[in-house]
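What follows is a short report on a single structure.
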Amino acid sequence: MTDRPQTPGDSPPPRELLLRVSPGLRIFLPSRHRGAELLPVPHDGTSSLVHVVQSAGIPLTEVGALVLEDTAGNSGEERRVEPSYRPEAGRTVRIEPVVRPQRVPDGPPRFLLDVHLGTLARRLRLVAGADTAYHNDMDDPALVEQANAERRVLLTQDRGLLMRRQLWMGAYVRGSRPDDQLTDVLDRFDLPLAPWTRCTACNGLLADAPKTEVEHLLRPGTRRTYDTFARCRDCGRVYWRGAHGDRLEALVAEAAGTAGEREAGTP
């Protein structure tokens, strides 16, 4: 059996896919494409969707569902497909974002942050009490290796890092300000809050410390002014509600508000 010969009036067969990108994911597209309802992308008919989606600039970690739309417009004929699916050229694929809050296997999420998110790491430890690893001297392969070995969610604003095939789980952090970044992480993950329980410096757990046990480590003014202390079980650093206490309390209250809105289903 041979193909029907193409006549001069025939149109060539489509060699592209149409991506219907959710508005929440359009930040990953080039600015000139962010307003488009449908994004045409070249497609050879053999590439998998994970290749197509990430070639468009969208890390798969940010995708909640890939839906193959019916060409006739019948919503009942839509079907969800896996990232490994190889669609035919000419089809339309809808890309939906991760549903929030995102569940993490094996209990509350544990995090690993890249070099650019040091302030966020400290706030996750202080405000949420989250188990948060952070290094300022690790390259991308080492970050992926640690995230996989310790089953930590890798948080970053580096899309290329999130697109590494070996990474078991990651998330793009939205926002340029640490406060906004913290709000985004708390909104995305089902994270129980345990403020004032973890060392901001080394991630160790804090324990109440009698003043008599730590006063030799304090400056005279601190010894005179404060009576309640905690100490890191790992590095020995001493904590107290100092001059920045009001600001830190405000961060904790704001985080609790974010968690409350999430539980209540507030948009």
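A few remarks follow.
- Within the stretch 162-184, residues that are acidic (Asp, Glu) have Cβ atoms under 8 Å from residues that are open to solvent by 20 Å² or more (accessible area, probe 1.4 Å) and assigned to a loop (DSSP other than H, G, I, E, B) in these pairs: Asp180/Arg174; Asp184/Arg174; Asp184/Gly175, counting only partners at least 6 apart in sequence or on another chain.
- The stretch 28-67, subset part of a loop (DSSP other than H, G, I, E, B) and in contact (Cβ under 8 Å) with a residue 40 or more places away in the chain, residue surrounded by the most Cβ atoms within 10 Å (Cβ to Cβ): His43
- Applying the set (1) in contact with a Pro (Cβ under 9 Å, 6 or more places away or on another chain); (2) open to solvent by less than 30 Å² (accessible area, probe 1.4 Å); (3) without any contact (Cβ under 8 Å) to a residue 40 or more places away in the chain to Val153 leaves exactly one unmet item: (3).
- Any hit, the stretch 66-87, residues being farther than 20 Å from Leu17 by Cα and in contact with a Lys or Arg (Cβ under 9 Å, 6 or more places away or on another chain): no
- Top-ranked residue of the stretch 97-133 - restricted to ones that are in contact (Cβ under 8 Å) with a residue 40 or more places away in the chain and open to solvent by 60 Å² or more (accessible area, probe 1.4 Å), ranked as nearest to Arg188 (Cα to Cα): Arg100
- Ala243 being closer than 25 Å to Gly118 by Cα and modelled with pLDDT of 95 or more: no
- Tally of residues being open to solvent by less than 10 Å² (accessible area, probe 1.4 Å), farther than 14 Å from Arg122 by Cβ and out of contact with any helix residue (DSSP H, G or I) (no Cβ under 6 Å at 6 or more places or on another chain) across the stretch 189-205: 1
The values are calculated or read from the model by the stated rules, or taken from the named source; none is laboratory data. In this text, all values refer to a predicted model and were calculated from it rather than measured experimentally. With ideal geometry, Cβ positions are generated from the backbone for all residues, glycine too; neighbour counts draw on all protein chains shown. Just the protein is used for accessible areas: all its heavy atoms, side chains included, with ligands, DNA and RNA removed. Shrake-Rupley method; radii C 1.70, N 1.55, O 1.52, S 1.80 Å.
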